[in-house]
Every structure is written in structure tokens, then in C-alpha cells.
Amino acid sequence: MVQSRPIQLMAVAFALVLALIIGAFAYVSSAAGARFYVFGPTTAVCDRTGGGTAAGYQDSTFGTELQGFWDSEPVYISFTFPDGRVFSPYVTDSGVVNTPQGLDGVIDMPANFPWVFNASRGGDYYFTFNTSNKWPYGCYTFTAHGAWSNREAAASFVVSPRVGPEPNAGPTTLVIQDNTTGDPSGLHGALVNIFGRGFRAQEVVSVWITAPDGTVIDYPQQQTSDIGSFESTFKFLEAYPVGRYAFTALGTSSQYQVIGYFNLGARPSTPEGWAQMRVASPYPASGDQRTTFEIQGKRFDPYERVDIWMTLADGSVRAIPSQFANEFGEFFAVVYLDERIPTGYHKFTAKGTNSNRLVITDVLVEAGSPNVTAAPPDPDPAPRVVDSNTDNLTLGPGDNPSTLPVLDPQPEPAF
């Protein structure tokens, strides 16, 4: 018995080491006995939990295994992105057959069709999902919810940047500059010139834009001149987050790859005049995703059109249909925000088109349910006006394009 003690200690130590190794690749969280395992090609530290977890890269695969649900019950899987947005794998997984319109890396407002499956007779399930270049870097939360048992399990997963050797730029250069100032920086609405040189003659060059959060914005391929140069233009709409963008050009025959950078900032909105606006409900001005916020404005000119927009925490702008004040210069609008809106502090801005009075108020959007279960899903983008003082007869996208405000961007292609 005395001699077996060291052997027992060694066995315990080995078991602990093995558990640490396995746990680094498959982080498990459970509620009421349900378990969620994630398997990725690498590991990383989740900045939200501070612990190590499975990780992967853009355009890679990861495995998911669920245990502890009821016999053959329907189970929903949902992905919470690092900024708090919640999506179904139907709109995030580039490998799902018959996938509806997915993420575009900018607006990201596809209809959130739920991903639901039936567990095995033993309450288990396994599936391999794909990431895409529309997944930002950071720590995600994956959630599974049993429709009958109400059991729920969650797990973390990190999307990390790929680290490799520096690309071979060869003799190429790529200059990104504001069309007006010539600077490698500008504000929302800037027209940007892209100048590439040093490629092969009449070569097709693939171009893409990497946003500050790591998501990739598609851009048309370019063809060089007889001396290997090309020029193109790109407009930064208000829908783009502020920050540093990387433009990459890759020669498809020469394999020269070069990167240029551009810093995007937001146009300032300064309160002006004596108009007022507030979030009347809920009070205080905070609510979960899938909440309706009632905003009220006063002291505008009678019957004037009031342009409204929402500035997200990342500096990007989302349109809200314009409203019309009543005979006393007042209006109200009930705005619905859903799980596709990130969490954090955002701003509502209202500006009278006649009076030029501008007012800003803050709103806090907090995390709501991590599960996408609504079928059919909401087909309309958020934010959306669902009620107003004009019986919801508001100026929306396409109603009168000639009078849409400058800071009222609609979803447009990235090129």
C-alpha cells in the first residue's frame, strides 16, 4: 500500500494534465445537465471569460457536440458575436446548403432563419460548421436551447487572425488616399482613390478590404494597364464603422500581394437650437435586444420633416425613416431594435430639415435572449419604426429618394 502511493499520485497528475489538454480544445458549459463541446483547429484566450477555449480562423471549420437533451427533441443553435449580435448558423455558415442571404460584413441584416435539429435517441448531436471572412475577430458564445426540455448549454469560441509570413509585395505599391485631400484618412462620405502599381502587364488583381474588426468587404477585381498599374474608387458610406481599414491587392498571376491603409472617422454632429428629444420608454433609456424604444421630440417647426438616424457604438450609422412634426412641432416614433443590433451605448439623432435644429439622445442596448427561435423570422432590417404620430406614414427607403437626408444611408453594395 505504501509503494502504490506514488503511482496513484502520478495517475492523478496525468489525469489533470490530460483534462487541461482536452479542455483547451473543447470548452464546455452546461445548465441542468446539458453540455456543449466545441472543437477547433487551435486554441486562444477568450477576452470575455479570461479562460482558454477552442479557436479557429476565418474560412475554417469547427465541430460542435451536444449532450444531455431529451430523446429526439428539437434543439436550436445560435451564435452570439463578439459585439453582442445574435445570428443563426443559417446566415453565418457559408457551407450550409440552400443558405438564404447571409452576412455582407457591413449592414448584416439578413432574415434570421432559426437553425433547429432533432437530437438523437440519446439526446446527443454533432455537426461541423464553417466560419467565413464575414466573422469578426474575437470571442463568440455558442448557445443550444432544447425546445421541449428548456435545457440550455453554451460554449465559447474564438476567431483569431491568421499569423503567417509576410506576403511578397515584390515591386508593387498600393496607395489609398482621400480624393479631396490626398490624405490616407477621411470622414464618412469620403471618396477614396486606390492606386496600384508594379504588377504585371494586363494582370487581373484581386482586391479586398479588411474592416477594423477583421471582417472582409468584397471588392471587384481590377485589371492592370500595359505597365502594370490600376486605379479604382471606393466610397465610405456612413454605414461603415470608423477605424483603420486595410486594402489588399493580390496579383493573380504574379502573386505579388501589397497592403495599403486608410483611417476612417465619423462626421461630427453638434446639437443646435432648442429642440428636445428623449427616450420615453423604457425608462431609463435602456433595454434588451428585441425591445421597442419610444422616442419623442418637440420644439421643431410645425409640420416639418425630421430626419432621424442611429449611430452605433462603433461609429457606423443606421437609417431610421424620417418623421413629420405635428402642428405644434412635436412627434413620436416607436423604434424596434432586434438581436441583429449590437449591444452597447448608441445614439439617436434628430434634425429638422427646415429649422436645422439638431438634438442627440443616448440609448443602451443590452444582451437579450441568446437564442434565435422565431419562425418565420423578421424579414425587415432594424432599426424599424413600428408606430408614430403620423400613423406610421413615415418617409422610408424608396418613398422619396430625392428628399432622403444625407445622413440616412440605405444598405448598398460595398463597391
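The values are calculated or read from the model by the stated rules, or taken from the named source; none is laboratory data. Computed from a predicted structure; not experimentally measured. We place every Cβ from the backbone using ideal geometry, glycine too, and count neighbours over all the protein chains shown. In case anyone asks, the SASA skips ligands and DNA or RNA and just uses the protein heavy atoms, side chains included. Shrake-Rupley method; radii C 1.70, N 1.55, O 1.52, S 1.80 Å.
Among the residues of the stretch 134-171, those that are modelled with pLDDT under 95 and either out of contact with any Phe, Trp or Tyr (no Cβ under 9 Å at 6 or more places or on another chain) or open to solvent by less than 60 Å² (accessible area, probe 1.4 Å) (or both) comprise V163, G164, P165, E166, P167. The sole residue among T353, T311 that is of a type outside the set (K, R) and in contact with a His (Cβ under 8 Å, 6 or more places away or on another chain) is T311. Of the residues making up the stretch 339-355, those that are assigned to a loop (DSSP other than H, G, I, E, B) and under 30 Å from T373 (Cα atoms) are E339, R340, I341, P342, T343. Just one of the listed residues (A313, A319, A325, A350) is within 25 Å of the chain's Cα centre (by Cα), surrounded by 15 or more Cβ atoms within 10 Å (Cβ to Cβ) and over 25 Å from P136 (Cβ atoms), and it is A350.
Of D362, D391, which residue is modelled with pLDDT of 90 or more and either open to solvent by 40 Å² or more (accessible area, probe 1.4 Å) or hydroxyl-bearing (S, T, Y) (or both)?
Only one candidate passes the filter, namely D362.
Entry remark, the stretch 239-256: residues being out of contact with any strand residue (DSSP E or B) (no Cβ under 6 Å at 6 or more places or on another chain) and without any contact (Cβ under 8 Å) to a residue 40 or more places away in the chain number 0 in total. Residues that are open to solvent by 50 Å² or more (accessible area, probe 1.4 Å) and of a type in the set (A, V, I, L, M, F, W, C) within the stretch 267-308 comprise just one, W274. For the stretch 159-177, a tally of residues being free of Cβ contacts under 8 Å to residues at least 60 places away in the same chain and of a type in the set (D, E, K, R) returns 1. Taking the listed residues I176, I227, I209, the one that is of a type in the set (A, V, I, L, M, F, W, C) and touching a Lys or Arg at 6+ places or on another chain (Cβ under 9 Å) is I227, with no other qualifying. Selection of the stretch 184-238 for residues being more than 30 Å from P82 (Cβ to Cβ), among the charged types (D, E, K, R) and either free of Cβ contacts under 8 Å to residues at least 24 places away in the same chain or open to solvent by 30 Å² or more (accessible area, probe 1.4 Å) (or both) yields R197, R200, D226, E231. Go through the stretch 83-133 and give me each residue that's modelled with pLDDT of 95 or more, in contact with a strand residue (DSSP E or B) (Cβ under 6 Å, 6 or more places away or on another chain) and of a type in the set (D, E, K, R). If the condition is that a residue be modelled with pLDDT of 95 or more, in contact with a strand residue (DSSP E or B) (Cβ under 6 Å, 6 or more places away or on another chain) and of a type in the set (D, E, K, R), then D124 is the only one that fits.
Taking each residue of the stretch 48-62 that is free of Cβ contacts under 8 Å to residues at least 40 places away in the same chain and of a type in the set (G, A, S) and looking for partners that are assigned to a loop (DSSP other than H, G, I, E, B) and open to solvent by 30 Å² or more (accessible area, probe 1.4 Å) with beta-carbon atoms closer than 8 Å, six or more apart or interchain, yields G52/Y27. Annotation note: of V334, V359, V363, the sole residue that is touching a Ser or Thr at 6+ places or on another chain (Cβ under 6 Å), of a type outside the set (D, E, K, R) and touching a residue at least 12 places away in the same chain (Cβ under 8 Å) is V334. The set of residues in the stretch 229-246 being touching a Ser or Thr at 6+ places or on another chain (Cβ under 8 Å) and over 27 Å from D301 (Cβ atoms) consists of F230, A239, Y240, P241, V242, Y245, A246.
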